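Input: a single structure, listed below in structure tokens.
The values are calculated or read from the model by the stated rules, or taken from the named source; none is laboratory data. Computed from a predicted structure; not experimentally measured. Don't worry about glycine lacking a Cβ; one is built from the backbone with ideal geometry, like all the others, and counts go over all protein chains shown.
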Amino acid sequence: MTALDRVSTKLAETLPHAPKTTPTQPTTQFFWKTYKTPLIWINVIGIFLIHLTALIGFITFPYLYHKKTFVWCFFVGWAGGFGVTAGAHRLWSHKSYKAKLPLRIILILTYATAGQNRLREWVRDHRGHHKFSETDADPHNANRGFFFAHVGWLMMKKHPEVLKKGKQIDCSDLFEDSVVVFFEKYFWPLKLFFCFIFPTAVPYLVWNESLYWSVMSTIARYVSGLNFTWLVNSAAHMFGNKPYNRKIQPAENLLVSLLAMGEGWHNYHHTFPWDYKAAELGNYRVNGTTLLLDAFAKIGWAYDLKSPSRELVQKVILNNGDGSHR
Ligand SMILES: [Zn+2]
Ligand SMILES: [Zn+2]
């Protein structure tokens with residue numbers, strides 16, 4: 001480089017629109033050392049406070065004396081989980097089966113009970129996650145560390161690649177479903193009512209639970225549900241074996257499957273995302289969602305359930321697996 005080139009390069013760097021050098025790819029380190037998008041402080045504080053409240057609720061809840069409230073929370077949490085796994089995930093994101101109107105209504109109401117994002121955001125992020133797994137365009141890229149993949153991604157602005165590539169993801173099919181159109185239109189009232197107001201009002205009004213425990217148990221149930229979903233993005237992308245595709249990060253994780261109603265068989269799921277079971281076998285003990293979907297299939301409300309043939313799965317295991325398949 002000549003002296004003149006050096007001067008013009010220096011000059012170019014001082015201009016207002018000079019191209020900025022892009023930071024190097026983060027490695028799997030601690031979240032606070034690798035974040036490269038600005039934090040959204042309101043989310044950071046909100047997420048911290050709600051977790052602190054839930055923790056206090058978990059530790060101090062009188063489990064032996066308030067059994068009805070505990071069982072109620074369990075039931076509501078389970079309903080919300082079903083809305084996320086069978087609805088947002090297996091039906092609306094992956095179209096792995098079709099559902100008749102009554103089932104779609106159940107799915108949208110249970111999804112509202114979980115209190116997560118707008119459905120179109122959920123589906124766009126999830127399709128992006130499958131398409132661009134473990135890259136900067138993956139909204140919860142597990143290469144940015146456990147904390148980022150779990151919850152950190154909700155505490156900061158999205159990476160520019162997520163925004164850019166996210167726009168290319170077609171979610172127009174969602175709005176062909178009148179149930180989704182209705183939900184998106186009345187998102188906030190539905191979310192507030194089914195996730196917070198109704199689950200709090202039932203113990204308070206039906207068996208005279210104190211207002212304090214009615215509210216605290218709702219918060220604890222809500223926060224647990226969020227964390228169970230997030231574990232699929234964090235733990236199931238880091239810990240477990242890879243019997244179907246050894247070259248990808250998603251793994252088979254029993255604990256996540258237990259907590260997330262069968263969504264932890266993640267190596268399989270990333271290999272066959274269009275399988276309604278999200279696991280090779282409908283092992284109902286650790287795949288509650290599949291159990292319910294099969295029950296709905298029996299009465300005809302779920303139909304066109306997609307699954308690969310045994311031969312195809314065997315072939316994939318032999319060719320791409322890590323040899324851990326039993
Ligand atoms: Zn995944
Ligand atoms: Zn998926």
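All of (1) within 16 Å of ligand 2 (Cβ to nearest atom); (2) in a helix (DSSP H, G or I); (3) of a type in the set (A, V, I, L, M, F, W, C) hold for Leu163 with one exception: (1).
Taking only region 112-135 into account, find how many residues are more than 16 Å from ligand 1 (Cβ to nearest atom) and among the acidic types (Asp, Glu). Summing the residues that are more than 16 Å from ligand 1 (Cβ to nearest atom) and among the acidic types (Asp, Glu) in region 112-135 gives 1. Does Ala260 satisfy the criteria of being closer than 19 Å to Ser133 by Cα and within 12 Å of ligand 1 (Cβ to nearest atom)? Considered against the rule, which asks whether it is closer than 19 Å to Ser133 by Cα and within 12 Å of ligand 1 (Cβ to nearest atom), Ala260 comes out as no.
Counting only residues that are among the aliphatic types (A, V, I, L, M) and either within 17 Å of Arg326 (Cα to Cα) or in a helix (DSSP H, G or I) (or both), which one in region 256-273 is farthest from ligand 2 (Cβ to nearest atom)? Steps first, answer last, please.
First pass over region 256-273, keeping only residues among the aliphatic types (A, V, I, L, M): 256, 258-261.
Remaining after also requiring either within 17 Å of Arg326 (Cα to Cα) or in a helix (DSSP H, G or I) (or both): 256, 258-259.
Working: Val256: 13, Leu258: 18, Leu259: 16 Å.
So the residue we want is Leu258.
Could you tell me whether Phe228 is aromatic (Phe, Trp, Tyr), in contact (Cβ under 8 Å) with a residue 12 or more places away in the chain, more than 14 Å from ligand 2 (Cβ to nearest atom) and part of a loop (DSSP other than H, G, I, E, B)? Spelling it out, it is not the case that Phe228 is aromatic (Phe, Trp, Tyr), in contact (Cβ under 8 Å) with a residue 12 or more places away in the chain, more than 14 Å from ligand 2 (Cβ to nearest atom) and part of a loop (DSSP other than H, G, I, E, B).
When only residues in region 114-125 that are away from ligand 2 (no atom under 14 Å from the Cβ) and in a helix (DSSP H, G or I) count, which is surrounded by the most Cβ atoms within 10 Å (Cβ to Cβ)? Steps first, answer last, please.
Initial filter on region 114-125 (away from ligand 2 (no atom under 14 Å from the Cβ)): 114-121.
With in a helix (DSSP H, G or I) added as a condition, the list becomes 114, 119-121.
Working: Ala114: 28, Leu119: 23, Arg120: 17, Glu121: 15.
Across region 114-125, the extreme among qualifying residues is Ala114.
Of the residues making up region 239-257, those that are over 19 Å from Leu281 (Cβ atoms) and within 11 Å of ligand 1 (Cβ to nearest atom) are Ile248, Gln249. Test Arg90 against the criterion of being modelled with pLDDT of 95 or more, within 16 Å of ligand 1 (Cβ to nearest atom) and buried (at least 19 other Cβ atoms within 10 Å of the Cβ), and give yes or no. Here the answer is yes, as Arg90 does meet what is asked.
Which residue, of Leu190, Leu107, Leu103, Leu174, is within 16 Å of ligand 2 (Cβ to nearest atom), touching a residue at least 12 places away in the same chain (Cβ under 8 Å), more than 17 Å from the chain's Cα centre (by Cα) and in a helix (DSSP H, G or I)?
Numbers: Leu190 fails: within 16 Å of ligand 2 (Cβ to nearest atom); Leu107 fails: more than 17 Å from the chain's Cα centre (by Cα); Leu103 fails: within 16 Å of ligand 2 (Cβ to nearest atom).
So the residue among Leu190, Leu107, Leu103, Leu174 that is within 16 Å of ligand 2 (Cβ to nearest atom), touching a residue at least 12 places away in the same chain (Cβ under 8 Å), more than 17 Å from the chain's Cα centre (by Cα) and in a helix (DSSP H, G or I) is Leu174.
If we scan region 201-212, do we find a residue that is in a helix (DSSP H, G or I), in contact with a Ser or Thr (Cβ under 7 Å, 6 or more places away or on another chain) and of a type in the set (A, V, I, L, M, F, W, C)?
So far as region 201-212 goes, no, none of its residues is in a helix (DSSP H, G or I), in contact with a Ser or Thr (Cβ under 7 Å, 6 or more places away or on another chain) and of a type in the set (A, V, I, L, M, F, W, C).
Across region 231-241, the qualifying residues are those that are assigned to a helix (DSSP H, G or I) and touching a residue at least 60 places away in the same chain (Cβ under 8 Å), and the one among them that is nearest to Ile56 (Cα to Cα) is Leu231. Within region 269-307, the set of residues being loosely packed, with under 15 Cβ neighbours inside 10 Å and within 19 Å of Ile248 (Cβ to Cβ) comprises just one member, Trp274.
All of (1) crowded, with 21+ Cβ neighbours inside 10 Å; (2) more than 22 Å from Glu184 (Cβ to Cβ); (3) out of contact with any Phe, Trp or Tyr (no Cβ under 8 Å at 6 or more places or on another chain) hold for Gly128 with one exception: (2). Which of the residues spanning region 53-99 are over 20 Å from Cys195 (Cα atoms) and aliphatic (A, V, I, L, M)? Listed by number, the residues that qualify are Ile59, Leu64, Leu91, Ala99. Filtering region 278-305 to residues that are in contact (Cβ under 8 Å) with a residue 40 or more places away in the chain, outside any helix (DSSP H, G or I) and under 21 Å from the mean Cα position of the chain (by Cα) leaves only Ala278.
Rundown of residues vs (1) over 30 Å from Gln249 (Cα atoms); (2) acidic (Asp, Glu); (3) modelled with pLDDT of 95 or more, yes/no style:
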residue	(1), (2), (3)
His129	no, no, yes
His159	no, no, no
Val202	yes, no, yes
Ser210	yes, no, yes
